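Student: Quick one: structure below, then a few questions.
The values are calculated or read from the model by the stated rules, or taken from the named source; none is laboratory data. Just so it is clear, the model here is predicted, and its values are computed rather than measured. All Cβ positions, glycine included, derive from the backbone under ideal geometry; neighbour counts span all protein chains shown. Side chains included, ligands, DNA and RNA excluded: accessible areas come from the protein's heavy atoms. Shrake-Rupley method; radii C 1.70, N 1.55, O 1.52, S 1.80 Å.
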Amino acid sequence: MLQPIKESSDENHFGFRRVINLLLGTFKIIIGLFVGLAFLGIFLLITITGIGPLVEYYQSKRDEKEALNHDVILQTHPEMFLLDIPGGVNKASGGMAYRVMVRLTKQPGLDDANNAANLPPVIFPGGLASNLMTMSRHQDDLTKQHGFTVVNFDRLGVGLSDPYPSSFNHQPPSAADVAREMNFIMTHCETNILKTKRKWICVGGSMGANVATAFMTLYPNRIGGFFNLDGLPHAFLQIQCKKFLKDGKMVMNLMRKLRCTGLPRLAFRMALQGALPVLGSAFTTRQLIGVMCRDQFFVTTGLEYTTLMSCCDLECAAWGRQATTECDDESLRLLASLAPNESVVINEGKGIIPRSVTTNRSKSELGSSYLSRQDDEFIAFEEKFLSLALKYPDDVNKTKTHCNWPTPPRHPIGNFVGGVESDTTIYPLASQFKTLVVRIMCARDYTGLERDYTQDARNHAAARCSLHVLMSGNGKVYYYPHLSHLNLWQQVTEVVAITLEMSRAIQEC
């Protein structure tokens, strides 16, 4: 297993650090006990007195009538519409037709055929537990400041889209399901609104990046620019998938049971308080919180943990022997040690920090210095690595997708409904990335998350960034040593600026 940067070997320094870490650990335990007791006290107070359930009942009814009512939302937001999706698109709908909420922003009076700036359209596939409101400010800034046409949408069961049908058999959507759904939405927008067919820029945040790569394996050459906004690496899920899926579903089931007490609403309000300025003004605080307090939020989020795993499996199959999970230790070390284009210090959330480029490195980086593509050992490795690229669909080993056909190969997590049907064509990613403009924002601060993000998983995260850049004809990766996965998406100005730079690179190509 690859190791992180080694600390000083000085014994006195090491002993001092052990004492400090012990004190910090003790302090964290005390704080944890205090928070736990406080939570228990609040829980008992609001449930025994009945205050919590009464308040939650009133708030839920108000949400249904006002904040989350489709008629009210569509009247308030003319840029939004409900799109009918046929039942065969997403098999998790049980064969029933359903509606997804789409938000399409563009300059007034401008259709894509008359786009003077020649800007490619942008689409945002959402992340896990997020919805189209989460990145609404990113969308608005791209449209209002730069003239982009941007499509944002909620998948089946997510946000403002229809929930799973009552007859739903609790089959999670597969990678193919969410890819087909995204393709249907893009095709509708091209045919009925944009009036032309062009290659898109896909801005995928967290799970959205995994949905994007799954989409590309089934629908090649529809994407011209891929913006990987800290997508989760397959290895993180595979190495810790049992814990990840078990804990995720357990938390969602617990929150669902506690929903009637009002505690989830209180928790979400506290969690979102610091992020509200970043979320923009398109939607109200009641809408942002209310959409996460409905039963469908907990059901869908619990199921989409498995969907995320399915997307990762499909991506790895499409990379073949270039997938980081297929690399030996030395190859993984070289990929994980490759220098980013920039290491950036920035924070647009709480405690604003202006953008600057730094040479500082997080403890997650390997070695005492980065490698460059001009280093002799990397030149030799890159030549061999590039020769492993899959070229044709027949080169893809479909068993790696843990597919849906009868008697699928056993998945590491046990019973698993995975990627694609046996007759589905899977297109290798290597040939597509050659023509893609690729940009990556990678959060590298894992402070407090070391238990969930093992060092091995962090190495795979860095290696996956290098994989995407190496295979792209125009790729750049940016590291953020002081930002975590959960606050990287809040860097709105950074996301907008990089998207704009991507569009210019696409135009030059």
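Student: Can you name every residue in the range 182-203 that is out of contact with any strand residue (DSSP E or B) (no Cβ under 6 Å at 6 or more places or on another chain) and within 18 Å of Met135 (Cβ to Cβ)?
Tutor: Across the range 182-203, the qualifying residues are Met182, Met186.
Student: Taking only the range 260-279 into account, find how many residues are assigned to a loop (DSSP other than H, G, I, E, B) and surrounded by fewer than 17 Cβ atoms within 10 Å (Cβ to Cβ).
Tutor: 0
Student: If you scan the range 427-480, which residues turn out to be outside any strand (DSSP E or B), over 30 Å from Asp247 (Cβ atoms) and of a type outside the set (S, T, N, Q)?
Tutor: Listed by number, the residues that qualify are Tyr427, Pro428, Ala430, Phe433, Lys434, Leu436, Val469, Leu470, Met471, Gly473.
Student: Just checking, how many residues over the range 420-454 are of a type outside the set (D, E, K, R), within 18 Å of Gly320 (Cβ to Cβ) and open to solvent by 60 Å² or more (accessible area, probe 1.4 Å)?
Tutor: The number of residues fulfilling the criteria is 2.
Student: For the range 63-104, how many residues are surrounded by fewer than 17 Cβ atoms within 10 Å (Cβ to Cβ) and closer than 16 Å to Asp295 by Cβ?
Tutor: The total comes to 1.
Student: Arg137 passes all but one of (1) part of a helix (DSSP H, G or I); (2) touching an Asp or Glu at 6+ places or on another chain (Cβ under 9 Å); (3) basic (Lys, Arg); which number fails?
Tutor: (2)
Student: Here are Lys391, Lys384, Lys400: which of them is in a loop (DSSP other than H, G, I, E, B) and either open to solvent by 10 Å² or more (accessible area, probe 1.4 Å) or at pLDDT below 95 (or both)? Walk me through how you get there before you give the answer.
Tutor: On the way: Lys384 fails: in a loop (DSSP other than H, G, I, E, B); Lys400 fails: in a loop (DSSP other than H, G, I, E, B).
Of the residues listed, the single one that is in a loop (DSSP other than H, G, I, E, B) and either open to solvent by 10 Å² or more (accessible area, probe 1.4 Å) or at pLDDT below 95 (or both) is Lys391.
Student: Report yes if Lys257 is part of a helix (DSSP H, G or I) and over 20 Å from the mean Cα position of the chain (by Cα), otherwise no.
Tutor: Yes; evaluated as a whole, the condition is true for this residue.
Student: When the range 121-130 is examined, which residues are found to be open to solvent by less than 20 Å² (accessible area, probe 1.4 Å) and modelled with pLDDT under 95?
Tutor: Residues satisfying the conditions are Gly126, Gly127.
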